[in-house]
Amino acid sequence: MFTTPVTDGRPQGRWQLGAAAHGPVAYACRLCTARRTGQQVVAMRYRQGWQRVCRRHRRWTLGAGEGHDLEHLDLSGCPDIVAAQRRWPVVVRRAAAAEVAPGAVFAVARAVVCQWWDLAMEWRDERIWPARLHRLVGGDAGPQFWWWRAVAREAAIFPEVMALAEALLDPAVAEMVWQDSGAENIQPFPPDGQFGQELGRRLARPWLGAAGAVPDSSALNAWWGALARQRRGTGQPGDWGTDPWWIKRDDQPVTVTAQLRNLTQRTDGTITWRASIPRPERGWIRDRVREATELLATLDVHDTAPLATATHDLINTLNQTIATLDQAVTAAASAAQNAGVPLDQLAEWARIPAQELRQDIDDHRDGLDEQYG
């Protein structure tokens, strides 16, 4: 550990050269540092991705030099992240038994889960990560959702990374991969085969295989493909295609620094509706608004028909318009919730009780599932 005095709230010193030689540099827990030194100093340590949890003070220490000023995230609302840290010794033991470097296993698991983290914005059934992210940032990421999503990614995905690392080292899982790949008879890898179902069970997402998580992750495809080739004895020794723990450059996760640099929206880190809502959902909402507009265009408040007939037609058309707009409101809320906006905030904007809105969103999603399969 190396410490530096605090000047204007920022550490003064050079550590980048050390990071290149010794690995990632992360902030040390300030409370632990003060307890050990009796001083208010900023401390930094060479820390790998599996070494970021301070269990004593329930903090996740962030990387230094990532393009933001935060030193840690509060884990008091995320016991699952603290618990995941305790799984690392299991990974180390299994890696030793498999004669694999535990860091290489962690790197593959992290590459896969980072890809899922990006894909999860379109997973209708994903509930764990949005809730965990909001807890990590104090309850509500608010208008800086995308900024927080970059900064807090490593902490938010940590439980899944550890669970996947364990799974990738399990001989029983390797056997599932072998069977799903056709064993000696090569066959297309089923997206929701034994392997996909087992990952869904371990990651508390039984729908994971059906959502296409296995084929949609190029890093995971490379892992199981190398595993199958290795067992079949195809390829040359030392060829990366037979090494399950080799990660292609394109599969390396984008760094926090690069993500923050790529946030080309307003300087406060917010993002546009168009950038965060998938095109099909935007199109569905647009169609409902168009239907409502066309209904309103048929109204004739100067109708010369008999009173009862004109009133009936007017009320009927208005009710149809309201029902169509209600569908649009629910669809907009559903899309925004998938993008990370908290339900309570959506309920306030929609002027609908949160539980009622939740039921409307669930019904809307069920309807879409029936419509589009």
Kirkwood Rh over alpha-carbon pairs of the chain plugged into Stokes-Einstein at 10 °C, 1.306 mPa s gives a D in µm²/s of 67 µm²/s
Within the stretch 163-182, backbone nitrogen closer than 20 Å to the virtual label 7 Å beyond the Cα of Lys248 toward Cβ: 181
Label-point separation in nm, Gln187 to Leu296, each point 7 Å along Cα→Cβ: 5.6 nm
Please identify the DSSP H helices in the chain that span no less than 24 Å along the helix axis (Cα) and have a mean Kyte-Doolittle hydropathy of 0.0 or more. 102-119, 307-338
For the chain, what is the accessible area per residue in Å², given a 1.4 Å probe and the full set of protein chains? 53 Å²
Heavy-atom accessible area of His57 with all protein chains present, probe 1.4 Å, nearest 10 Å²? 60 Å²
The stretch 33-119 - percent of accessible surface contributed by carbon and sulfur, probe 1.4 Å: 46 percent
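The values are calculated or read from the model by the stated rules, or taken from the named source; none is laboratory data. None of these values were measured; they are calculated from a predicted model. Here Cβ is always computed from backbone atoms with ideal geometry, including for glycine, and neighbour counts include all displayed protein chains. Note: accessible area is taken over every heavy atom of the protein model, side chains too, but ligands, DNA and RNA are not part of it. Shrake-Rupley method; radii C 1.70, N 1.55, O 1.52, S 1.80 Å.
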